[in-house]
Amino acid sequence: MLAPSDTIAVLSIARQDFLSFDSSATCGDVVARFSEAAHKDDVNFACLRQLDGRFLGLVNVRDCLAEAATRPAREMVIADVTPLTEDTAAEDAARNVLRTRAHCLPVLDKDGRIRGLLPDEAAYRFLFDMADESAAKMAGIVGVAHDHDNYMNLTIWQDYRRRIPWIFGLAVAGLAAGLVVHAYESALDVLVILALYMPMIADTGGNVGTQSASLITRAISFGSITTLDAGRVLWRELRVALLVAATLFVFTYLKVYFLSNGAEIPMGLGLSDIGIAIGVAIAVQVVSATLIGAVLPVVSVALRQDPAVVSGPALTTIVDLTGLLIYFSVTTRLLGIELAPA
């Protein structure tokens, strides 16, 4: 388990077995040393230091390979490199690498001497580890302690106990989907074509909801957003959902209009009418599923639950149920289908 991110110093994740040369080194010197180094496949950068030992600059070994061996290495120094200080927190340093898109950043002490190199690969790996740790801390699931959150360390019984409450509860809730279909059975008798597009409703809702939930869960894990950002998150997801909904409306309308010629259609209705109705239902479902997928991870964190465990099964059940309700209520109303009394 990682220590709190603000207590981890950057040198703990930086490379301290780096290539270092004085200011008189040539490109040939850099290439020769690099070829002999055991870590030549890991970090393609070398440091240049001034006569007093202070950091002069960073050079890319590959750039030196393309130059004459006698060319001074100091002429190959990479511009706009902002060094890190050794008292910088590892998380801040890693995010700095991510933000600046630097391939490698030097770590200096208070006197300006080079202490290590932080390559982008090490920074990304640290951030992923922090994300895993954050997800584990969120997982206050049915009394499972944090020190058991490692997947392989959980016993089968512990794993069962943290999964079954959600799965069983949502399985019971899933029975409601059957009740919805039963309630609209008369609509399916009148317009069989509606049944053909029920899988599309379920798949589309599940896909956009899962995509939204995954993006929000990832952002929460990386610290990009918190529960305080719920309003901004929903507003952003709503705008994206409206664009996706408009696109899928057009696609659905064209699909129904051009590829459903063999379907039985009641008198007074045309494929254009049905295409519009199903397209509107799909569009509403996209917006609904996207917002549900966005809000579930945020609510999970607010309730001190693991968004990965909660959002997955809950999202599937909720989106399926709301999708069927949206689909049948929108299509029957737009097409003027009267439901038989229960």
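The values are calculated or read from the model by the stated rules, or taken from the named source; none is laboratory data. Because the structure is a prediction, the values reported are computed rather than measured. Every residue, glycine among them, receives a Cβ derived from its backbone with ideal geometry; neighbour counts consider all protein chains shown.
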So which of 67, 75 is at pLDDT 90 or above and more than 16 Å from residue 19 (Cβ to Cβ)? 75
First in region 26-37 and assigned to a helix (DSSP H, G or I), second anywhere and aromatic (Phe, Trp, Tyr) and at pLDDT 85 or above, Cβ under 8 Å, 6 or more apart: 29/21; 30/21; 33/21
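Go through the residues of region 284-304 one by one and say whether even a single one is under 30 Å from residue 169 (Cβ atoms), in contact (Cβ under 8 Å) with a residue 12 or more places away in the chain and not in a helix (DSSP H, G or I).
yes
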Regarding region 295-302, can at least one residue be identified that is touching an Asp or Glu at 6+ places or on another chain (Cβ under 7 Å), surrounded by fewer than 19 Cβ atoms within 10 Å (Cβ to Cβ) and either over 13 Å from residue 210 (Cβ atoms) or at pLDDT 95 or above (or both)? no
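Matching residues to (1) of a type outside the set (Val, Ile, Thr); (2) over 14 Å from residue 327 (Cα atoms):
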{"residue": "163", "(1), (2)": "yes, yes"}
{"residue": "166", "(1), (2)": "yes, yes"}
{"residue": "171", "(1), (2)": "yes, yes"}
{"residue": "182", "(1), (2)": "yes, no"}
{"residue": "187", "(1), (2)": "yes, no"}
{"residue": "201", "(1), (2)": "no, no"}
{"residue": "211", "(1), (2)": "yes, yes"}
So, of the residues in region 161-198 that are under 26 Å from the mean Cα position of the chain (by Cα) and of a type outside the set (A, V, I, L, M, F, W, C), which turns out to be farthest from residue 286 (Cα to Cα)? 162
Out of all the residues in region 252-310, which are under 26 Å from residue 199 (Cβ atoms) and among the charged types (D, E, K, R)? 255, 264, 273
Considering region 170-200, residues that are free of Cβ contacts under 8 Å to residues at least 24 places away in the same chain and touching a helix residue (DSSP H, G or I) at 6+ places or on another chain (Cβ under 6 Å), and then whichever is surrounded by the fewest Cβ atoms within 10 Å (Cβ to Cβ), we arrive at 195
Can you confirm whether region 46-65 contains a residue that is in the same structural domain as residue 113 (by TED's automatic domain parsing), polar (S, T, N, Q) and surrounded by fewer than 13 Cβ atoms within 10 Å (Cβ to Cβ)? no
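More than 27 Å from the chain's Cα centre (by Cα) and surrounded by 14 or more Cβ atoms within 10 Å (Cβ to Cβ) - does that describe any residue in region 225-242? Walk me through how you get there before you give the answer.
Looking only at region 225-242, we keep the residues that are more than 27 Å from the chain's Cα centre (by Cα), and these are none.
No, because not a single residue in region 225-242 is more than 27 Å from the chain's Cα centre (by Cα) and surrounded by 14 or more Cβ atoms within 10 Å (Cβ to Cβ).
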